Amino acid sequence: DDGVNVKFLKKYGDDLYGGSSTAGVILRMDNGTNDFGVAINAIIETPDLFFGDLFKKKIINTYWLDAERQVNATITIGTAIDGGVYSNRSISIGGTGRHLAPIRNIVNKGKFFRFRFSNNELDKGLSLNSFGVSYQPTDIDD
């Protein structure tokens, strides 16, 4: 009823957990946004994205973020280039309503990219509505 896409439910001890059918994460279903006073990691990850051409490099220059604001909250955007490790950038999404904004001065060059969105703040969730990427294709194939 509340829009949580759950593929399975499992009781572990006295707690109920659900496996997300869309976000690839395990959710604690019965205790909100904390685990007895400890923050629960909220994470959304994309698969590898090629932006149309697997064999040519692209230069990313801007991210476009649409997320729900929360009082004193941040969202961390991680970018993995060509299967490498994530480099992270934290963005303040404090307040109320929607946070609709470009994130400029991104200089990432690669053939394929993976993105991870996360929040590990006590009693803060992660509500990502949309994420876009502006990039420039190149003729570089090495």
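The values are calculated or read from the model by the stated rules, or taken from the named source; none is laboratory data. Keep in mind that what you see is a predicted model, and the values were worked out from it rather than measured. Every residue, glycine among them, receives a Cβ derived from its backbone with ideal geometry; neighbour counts consider all protein chains shown. Just so you know, the surface numbers come from the protein's heavy atoms only, side chains and all, with ligands and any DNA or RNA stripped out. Shrake-Rupley method; radii C 1.70, N 1.55, O 1.52, S 1.80 Å.
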Net charge near ILE103: determine it from the other residues with C-beta under 12 Å of the C-beta of ILE103, scoring Lys and Arg +1 and Asp and Glu -1.
+1
Separation between Cα centres of the range 81-114 and the range 63-78, rounded to whole Å:
10
Roll a 1.4 Å probe over the protein chains and send me the accessible area per residue for the chain in Å².
61
At LYS11 and ARG28, where each label point lies 7 Å from the Cα along Cα→Cβ, what is the point-to-point distance in nanometres?
1.8
Considering only lysines 8 or more places apart in sequence, or on different chains, count the pairs in the range 48-142 whose C-alpha atoms sit under 28 Å apart.
6
On a full-extension model of 0.36 nm per residue, what is the gain between ALA101 and SER134, subtracting their alpha-carbon distance, rounded to one decimal in nm?
10.6 nm
Square roots of five times the C-alpha gyration tensor eigenvalues of the range 60-132, ordered largest first and given in whole Å, equal 23, 13, 9
Run the quick spin-label model on PHE50 and ARG116: label points 7 Å from Cα toward the beta carbon, then report their separation in nm to one decimal.
2.4
In the chain the accessible area split gives carbon plus sulfur, as whole percent at 1.4 Å, a share of 51
Positive-end residue, the chain charge dipole about Cα centroid, Cβ charges, pick of TYR12, PHE51, LEU128:
PHE51
Tell me the Rg and the Dmax, in Å, that the Cα atoms of the chain produce.
17.1, 56
Can you compute the charge dipole magnitude of the range 96-142 about its Cα centre, using +1 on each Lys and Arg Cβ and -1 on each Asp and Glu Cβ, nothing else charged? Give it in debye, rounded to the nearest 20.
140
FRET efficiency, 1/(1 + (r/R0)^6) with R0 35 Å, evaluated for ASP66 and ASP142 via beta carbons:
0.50
Quick one: dipole size for the range 30-142, taken about the Cα centre, charges +1 on Lys/Arg Cβ and -1 on Asp/Glu Cβ, in debye to the nearest 20.
380
What residue among GLY83, GLY37, GLY24 shows peak mean-square fluctuation when the chain is described by a Gaussian network model with Cα springs under 10 Å?
GLY37
